[in-house]
Amino acid sequence: MNARIEAFARDEAGNESKVGFIDNVFEKPFKSSRIVLDDKFINRVVPEILEHSPELKLAPPAEGSPEMLQAFLKINGELRTINADQIIAIAHKTVAAKLWDGPFVQLGNSQVEARFADHRTYFYNGKEVDRQVHLGFDLAVTEHVPVHAANSGVIVNARWLGIYGNCIIIDHGMGVQSLYGHLMSFDVNVGDKVTRGQQIGRTDSTGLAGGDHLHFTQLVGGRMVNPVEWWDPHWIADRIERKLREAR
């Protein structure tokens, strides 16, 4: 596909402008992973998530019943979609000013357990039951380690958020936000200003998590994007800061 990708803008006076912003597109292979579900995991996560998700209008099924798997699949699919829409709504709370400075920071000393856009196939009793795409990084250290703000900003979410469990979202301004999922606790409240490196909570396995880790993703306009670029000081300098200077 050789179609040119352009950004288009029109102001209130009717002035129009467009500019190309991607020179070359390179196909990137994504990792595929096999997730084996068992009753112990399903029985642990489903009741707690349903308790926090009245929008699904689903009572917790009996342990070991066929309905328990169906509830899990509804959480993994329908609730995942609902949560994506909720995150987009939260993105409207962004401020026009740029609150962050320099590259964002990965959870310290963390091991990457899953990457952005990993394609997951779920199996139960040897049969494929679902497929989803993992839009974030799973970062693990040890249990209940402190989680720090990846950059400066304002807290716009500090509550349970569906599959992400206890979840914090920081607004960094100009439509840029960062999400921290599966937390044990919150050290901040909505409206708090935070600086890069400030402790905001601790890791855990709340929500749809198989073990203690941090689910981290970067958001632009409420859409999840690969954090790797935002962790890269050279990418930030060339693709963000340089272009903002030119735009001024």
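In the range 79-98, which residues are under 18 Å from I49 (Cα atoms) and in contact with a Leu (Cβ under 7 Å, 6 or more places away or on another chain)?
Selection gives L79, N83, Q86, I87.
Name every residue in the range 135-160 that is more than 20 Å from I90 (Cβ to Cβ) and not β-branched (V, I, T), in order of residue number.
D138, L139, A140, E143, H144, P146, H148
Only one residue in D138, D212 is of a type in the set (D, E), buried (at least 18 other Cβ atoms within 10 Å of the Cβ), under 30 Å from L56 (Cα atoms) and within 14 Å of the chain's Cα centre (by Cα). Which one?
D138 is the lone residue from the list that is of a type in the set (D, E), buried (at least 18 other Cβ atoms within 10 Å of the Cβ), under 30 Å from L56 (Cα atoms) and within 14 Å of the chain's Cα centre (by Cα).
What are the residues in the range 147-178 that are among the β-branched types (V, I, T) and either more than 28 Å from I75 (Cα to Cα) or assigned to a strand (DSSP E or B) (or both), if any?
If the condition is that a residue be among the β-branched types (V, I, T) and either more than 28 Å from I75 (Cα to Cα) or assigned to a strand (DSSP E or B) (or both), then V147, V154, I155, V156, I168, I169, I170, V176 are the ones that fit.
In the range 215-248, how many are surrounded by fewer than 16 Cβ atoms within 10 Å (Cβ to Cβ), in a helix (DSSP H, G or I) and not β-branched (V, I, T)?
Residues meeting the conditions: 13.
Tally the residues that are of a type in the set (K, R) and under 18 Å from A114 (Cα atoms), restricting the search to the range 131-179.
So the answer is 1.
Give the range 179-209 a look and list any residue that's in contact with a strand residue (DSSP E or B) (Cβ under 7 Å, 6 or more places away or on another chain), aliphatic (A, V, I, L, M), crowded, with 16+ Cβ neighbours inside 10 Å and part of a loop (DSSP other than H, G, I, E, B), or say none.
Passing the criteria: V188, A209.
Each reported figure results from applying straightforward, stated rules to the coordinates on display, with no laboratory input. From a predicted model like this one, the values you see are computed outputs, not experimental measurements. Positions of Cβ are backbone-derived with ideal geometry, glycine not excepted, and every protein chain shown enters the neighbour counts.
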